[in-house]
Amino acid sequence: MTFQVNYYFWFLMNFLYPSFLFALSAIAIPIVIHLFNFRKFKRVPFTNVRFLKEIKQQTDSRSRLKHLLILACRILAIAFLVLAFAQPFVPQGKAVTAGRQHVYSVYIDNSYSMDARNNEGSLLDEAKRKARSIAASAGLNDRYQLLTNDFEGKHQRLIDREEFLKMIDEIKIGPNKRRVDEVIARQKDLLFSSGTGIKQSYLISDFQRNIIDEAKLALDTTLKITAIPVEETKTVNISVDSVWFISPIHKAGETEQLVVKVRNFTDEDANNVPVKLFVNKMQKAIGSLSVKAKASATDTLTYKPDGAGWQQGEIQLTDFPVTFDDKLYFSYLIDQKVNVLIINGAKANNYLQTVFQTDDYFQTLRNSETQIDYELIPRQRLVVLDRLSTISGGLSQQLSKFVQTGGSVLIFPDFSSDINSYNNFLGTVNAEKLGAIDQVANKADKINLQSDVFSGLFETIPQNIDLPFVKRSFNTQAASTSRKETLLSMQGGKSLLSKTQSGLGRVYLSAVPLDDSTTNLPRHAIFVPMMYKIALLGNQRYPLYYTIGKNSLLETVKLPPSEHNDYKLKNKDMEFIPDIRNNESNTNLYIDDQVKKDGIYNFANGNELLACFAFNYDRSESDLSYFSANELEKVLGTRNIAVLNAPADAVGKAIQVENSGKKLWKYCIWLALLFLGAEALLIRYFEKLQPKAI
């Protein structure tokens, strides 16, 4: 057991091994030898002793001086040798931690920003050197935790120095990104459950501005935390930020327009940046754009896909040295057919069937309201309710799930319908509800050309366009929280056709039935293109891409029953089996943190391709703006987090001084050797320094 002893001499020193101080009793050995001189004298007869007395007086005084100097050298040599073994130090603070076991939790940021370069190489390599320096300054019995952004299970345990150094060598750049408060919380989970020992946390990172959330980083006095920044030289970085389609409708053989957003994170303008588009591994388009410093720019790439099915896209640009964000992958599905289900009431007519039968791209199914096949609903893009007498509870439940997962429902009520049943369903999807019947004739006077239903539908719009009229209609009332958008409005501000966004899907509500005695809407020129657009927009719109580390849940269409369940998510480098959970309307895939690399991943059952998912690295890593040392001290200092900004070879020494104080044992060794040398010189040369008699 190590004891701590305070001695009020030499700057109030402390000793790492104070038990060695008992060896100071060895100082008595040279003292005893000098006090009891056991030399035997020999009597020599001499005739005249007058001259001998004078010589004896001089010799005795010089001999006593010599013996005292030698005695002092021996005492001091023994004393400093004992002190060296006791390892004295001067503590740097009020608490003395030297000699006690330490438990170090060392976090190394291995996000993609750490792949940037400075004069010493990559930032990750410098972070590793600083972590090794911490281990070199620690004691043999100290324990370690190594933590990275991966938050792997093997890092949630204490290890010895040898394993710690081995695990440092295994760290590689990865896609995950963690905030400082998340890292500290993870460190505390292990440190505070590790028992005794002095617990210390070290955070080694480039400290991008986006990894410190000051609102979530709280003041902490329970753990000693030190931030160790690694600094990079000025780096140029241009990234592919995002992509999106101008139109959400994808049809085989028709031209696509893809918008590409490029961001410049540096202080200099970037001119004529080439951007390439690949679809299904074939180059489809190339563009060029200039981006102002610290700004973004967009370019629209036009191409025509080769056919239907899953489209696997990739945007590329060339940039160095930060390359992880030079590619962006995306995927989407072009259906062979658009499925439309029409559920007819007793008074329904053939207008809807006629509209969709004119184009083979639409595959139309019809059910009567008395015989509804609920299993068909999840497979449709659009479900049309045409003059149903009532909406049953079962149908309402199925349609609500269908809408929430991305489907579209279009409602044409009848004046004799059970309005309460309609409103019950409309309430579940937060759409506007039907009210009393307005017997006054009216006419549509405005088309919402900003809506995606009518956007791009007309090349030119006449000023006095003839719009549908109604002889009577339902009044409608939207909820205060409804995301309603009026598509066709009538005089007086009343709605003829509205759209409500609910979940991932849409609900369209007409204020009139498709009946010639009520309105000319089904015979109007606007009706057919409007119905086509509503059906094409009624897709289960899944994301073009996912972000690694942020998205662990993937959605796809409900998987049909299969005799062989060989489901895998795979690309050219890896494959794994996701956790698959079927819902009533779709299928969820849970991937946890199994996707580590960007690219296109195919979801297949054996050789049958079911879906394609695109994964990209987190673009927040692209912003290479960092806290300066002074800014970091200001931000972290208020949270009781120290900042140690030192070269890799000096980090360990600084921590050693901080933990053990200023160590003095080396000085003691030098002083012991000095006094032993002085003793040897006195024994050999002291007599020669005697003045000669004249």
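The values are calculated or read from the model by the stated rules, or taken from the named source; none is laboratory data. Every value quoted in this text rests on a predicted model; they were computed, and no experiment measured them. All Cβ positions, even for glycine, are placed from backbone atoms using ideal geometry, and neighbour counts span all protein chains on display.
Any residue at all in the stretch 487-496 that's surrounded by fewer than 16 Cβ atoms within 10 Å (Cβ to Cβ) and under 18 Å from residue 452 (Cβ atoms)? The answer is no, given that none of the residues of the stretch 487-496 is surrounded by fewer than 16 Cβ atoms within 10 Å (Cβ to Cβ) and under 18 Å from residue 452 (Cβ atoms). Of all residues in the stretch 24-35, those that are in contact (Cβ under 8 Å) with a residue 12 or more places away in the chain have Cβ atoms under 7 Å from Cβ atoms of residues that are surrounded by 12 or more Cβ atoms within 10 Å (Cβ to Cβ) and of a type in the set (Gly, Ala, Ser), 6 or more apart or on another chain, in 24/79; 27/79. Candidates in the stretch 464-486 are the residues that are surrounded by 18 or more Cβ atoms within 10 Å (Cβ to Cβ) and of a type in the set (Gly, Ala, Ser); of these, the one that is farthest from the chain's Cα centre (by Cα) is 473. Among the residues here, residue 215 does not qualify as in contact with a Gly (Cβ under 7 Å, 6 or more places away or on another chain) and at pLDDT below 95. Quick one: what pairs do we get from the stretch 156-175, first residue under 15 Å from residue 136 (Cα atoms), second among the basic types (Lys, Arg), C-beta under 6 Å, 6+ apart or different chains? Filtered contacts from the stretch 156-175: 168/128.
If residue 481 passes every condition in (1) in the same structural domain as residue 399 (by TED's automatic domain parsing); (2) modelled with pLDDT of 90 or more but one, which one does it miss? So residue 481 meets the others, but not (2). The residue that is farthest from the chain's Cα centre (by Cα), counting only those in the stretch 528-584 that are part of a strand (DSSP E or B) and within 13 Å of residue 406 (Cα to Cα), is 557.
The residue that is modelled with the lowest pLDDT, counting only those in the stretch 40-94 that are of a type in the set (Gly, Ala, Ser) and surrounded by 11 or more Cβ atoms within 10 Å (Cβ to Cβ), is 63.
One line per residue, one yes/no per condition, for (1) under 24 Å from residue 420 (Cα atoms); (2) touching a Phe, Trp or Tyr at 6+ places or on another chain (Cβ under 7 Å):
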position: 462; (1), (2): no, no
position: 466; (1), (2): no, no
position: 469; (1), (2): no, no
position: 475; (1), (2): yes, no
position: 482; (1), (2): yes, no
position: 486; (1), (2): yes, no
position: 494; (1), (2): yes, no
position: 497; (1), (2): yes, yes
position: 523; (1), (2): no, no
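Within the stretch 263-273, identify whether any single residue is under 23 Å from residue 547 (Cβ atoms), outside the structural domain of residue 117 (by TED's automatic domain parsing), out of contact with any helix residue (DSSP H, G or I) (no Cβ under 8 Å at 6 or more places or on another chain) and aromatic (Phe, Trp, Tyr), and answer yes or no. Within the stretch 263-273, none of the residues are under 23 Å from residue 547 (Cβ atoms), outside the structural domain of residue 117 (by TED's automatic domain parsing), out of contact with any helix residue (DSSP H, G or I) (no Cβ under 8 Å at 6 or more places or on another chain) and aromatic (Phe, Trp, Tyr).
Taking strands (runs of 3 or more DSSP E) as the structural unit, those lying wholly within the stretch 476-525 and holding at least 1 residues that are touching a Gly at 6+ places or on another chain (Cβ under 6 Å) correspond to 505-510. For first residues located in the stretch 236-252 and farther than 18 Å from residue 451 by Cβ, partners that are in a strand (DSSP E or B) and basic (Lys, Arg) and lie 6+ apart or on another chain with Cβ distances below 6 Å form the pairs 239/263; 241/261; 241/263; 242/261.
Residue 524 meets the conditions (1) buried (at least 21 other Cβ atoms within 10 Å of the Cβ); (2) within 25 Å of residue 362 (Cα to Cα); (3) touching a Pro at 6+ places or on another chain (Cβ under 8 Å) in every case but one. The failed one is (1). The set of residues from the stretch 497-521 being surrounded by 24 or more Cβ atoms within 10 Å (Cβ to Cβ) and free of Cβ contacts under 8 Å to residues at least 40 places away in the same chain comprises just one member, 497. Residues that are more than 14 Å from residue 503 (Cβ to Cβ) and surrounded by 23 or more Cβ atoms within 10 Å (Cβ to Cβ) within the stretch 382-410 comprise 382, 383, 384, 385, 386, 388, 391, 410, listed in sequence order. Entry remark, the stretch 163-196: residues being within 11 Å of the chain's Cα centre (by Cα) and surrounded by fewer than 18 Cβ atoms within 10 Å (Cβ to Cβ) number 2 in total.
If the requirement is being under 28 Å from the mean Cα position of the chain (by Cα) and over 17 Å from residue 543 (Cα atoms), which of these qualifies: 267, 306? Within the list 267, 306, the selection yields 267. Of the strands (runs of 3 or more DSSP E) lying entirely inside the stretch 223-288, those containing at least 2 residues that are closer than 30 Å to residue 186 by Cα and among the aliphatic types (A, V, I, L, M) are 224-229.
Candidates are the residues of the stretch 440-451 that are in a loop (DSSP other than H, G, I, E, B) and in contact (Cβ under 8 Å) with a residue 40 or more places away in the chain; the one that is farthest from residue 515 (Cα to Cα) is 451.
Restricting attention to the stretch 316-353, the residues that are out of contact with any helix residue (DSSP H, G or I) (no Cβ under 7 Å at 6 or more places or on another chain) and under 30 Å from residue 238 (Cβ atoms) add up to 14.
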